[in-house]
Amino acid sequence: MAEVIIYHNPGCGTSRNTLSLIREKGIEPRVIEYLKVGWTEAQLKDLAARTGGRLQDLLRVRGTQAEAQGLTDPSVPEAVLLKAMVADPVLVNRPIVATARGAALCRPMERVLDLI
């Protein structure tokens, strides 16, 4: 099987459960702790495109400053979102899993099954 990448936050139960589910299927993914390594604009654009959604769909609101920064308004330009998400990686929802079949925000975690 081609490489499986999980953009992971070990402090998140859904992220931990998704990682466990991948491993239960006999796959050892590449684990990227994005809160430690951060994001690039190109990486986020690519992931949004591969999920078939918009960058706004990857925005994490709960437990973040997204609302206070005005990022939840659907009219916020993508460039503004990108800059905010790169500056503060916690603004990106998790876990995101990427494989040769595409990428998905795995909330609920069972969405990963369509990718592996």
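Looking only at the stretch 75-87, decide whether some residue is in a helix (DSSP H, G or I), touching a Gly at 6+ places or on another chain (Cβ under 8 Å) and at pLDDT 95 or above. If you could, list the steps in order and put the result at the bottom.
First, pick out the residues of the stretch 75-87 that are in a helix (DSSP H, G or I): 78-87.
Those left that are additionally touching a Gly at 6+ places or on another chain (Cβ under 8 Å): 86.
Then keep just the ones that are at pLDDT 95 or above; that gives 86.
Yes, the stretch 75-87 has at least one match.
Just to be sure I understand, how many residues within the stretch 1-26 are part of a loop (DSSP other than H, G, I, E, B), surrounded by fewer than 16 Cβ atoms within 10 Å (Cβ to Cβ) and in contact with a strand residue (DSSP E or B) (Cβ under 9 Å, 6 or more places away or on another chain)?
Within the stretch 1-26, residues that are part of a loop (DSSP other than H, G, I, E, B), surrounded by fewer than 16 Cβ atoms within 10 Å (Cβ to Cβ) and in contact with a strand residue (DSSP E or B) (Cβ under 9 Å, 6 or more places away or on another chain) number 4.
Name the residue that is nearest to Thr18 (Cα to Cα), counting only residues in the stretch 48-105 that are of a type in the set (Gly, Ala, Ser) and in contact with a Ser or Thr (Cβ under 8 Å, 6 or more places away or on another chain).
Applying the filter and picking the extreme gives Ala104.
Is the stretch 37-49 home to any residue that is of a type in the set (Gly, Ala, Ser) and under 13 Å from Ala103 (Cβ atoms)?
yes
Of the conditions (1) more than 22 Å from Glu110 (Cβ to Cβ); (2) in contact with a Ser or Thr (Cβ under 7 Å, 6 or more places away or on another chain), Gln43 fails just one. Which one is it?
With (1) more than 22 Å from Glu110 (Cβ to Cβ); (2) in contact with a Ser or Thr (Cβ under 7 Å, 6 or more places away or on another chain) applied to Gln43, the lone miss is (2).
Quick check on the stretch 51-63. Is at least one of its residues assigned to a helix (DSSP H, G or I), of a type in the set (A, V, I, L, M, F, W, C) and either touching a residue at least 12 places away in the same chain (Cβ under 8 Å) or surrounded by 11 or more Cβ atoms within 10 Å (Cβ to Cβ) (or both)?
Applying the first criterion (assigned to a helix (DSSP H, G or I)) to the stretch 51-63 yields 51, 55-58.
From what is left, the residues that are of a type in the set (A, V, I, L, M, F, W, C) are 55, 58.
Restricting the remaining residues to those that are either touching a residue at least 12 places away in the same chain (Cβ under 8 Å) or surrounded by 11 or more Cβ atoms within 10 Å (Cβ to Cβ) (or both) gives 55, 58.
Yes: the stretch 51-63 contains one or more residues that are assigned to a helix (DSSP H, G or I), of a type in the set (A, V, I, L, M, F, W, C) and either touching a residue at least 12 places away in the same chain (Cβ under 8 Å) or surrounded by 11 or more Cβ atoms within 10 Å (Cβ to Cβ) (or both).
Mind checking which residues of the stretch 20-45 are aliphatic (A, V, I, L, M), out of contact with any Leu (no Cβ under 8 Å at 6 or more places or on another chain) and more than 22 Å from Leu59 (Cα to Cα)?
Within the stretch 20-45, Ile22, Ile27 meet the criteria.
Confirm whether Ala66 is in contact (Cβ under 8 Å) with a residue 24 or more places away in the chain, buried (at least 17 other Cβ atoms within 10 Å of the Cβ) and assigned to a loop (DSSP other than H, G, I, E, B).
yes
The values are calculated or read from the model by the stated rules, or taken from the named source; none is laboratory data. Everything numeric here is computed off the predicted structure, so don't read it as measured data. When we count neighbours, we look across all protein chains shown, and the Cβ atoms used for this are built from the backbone with ideal geometry, even at glycine.
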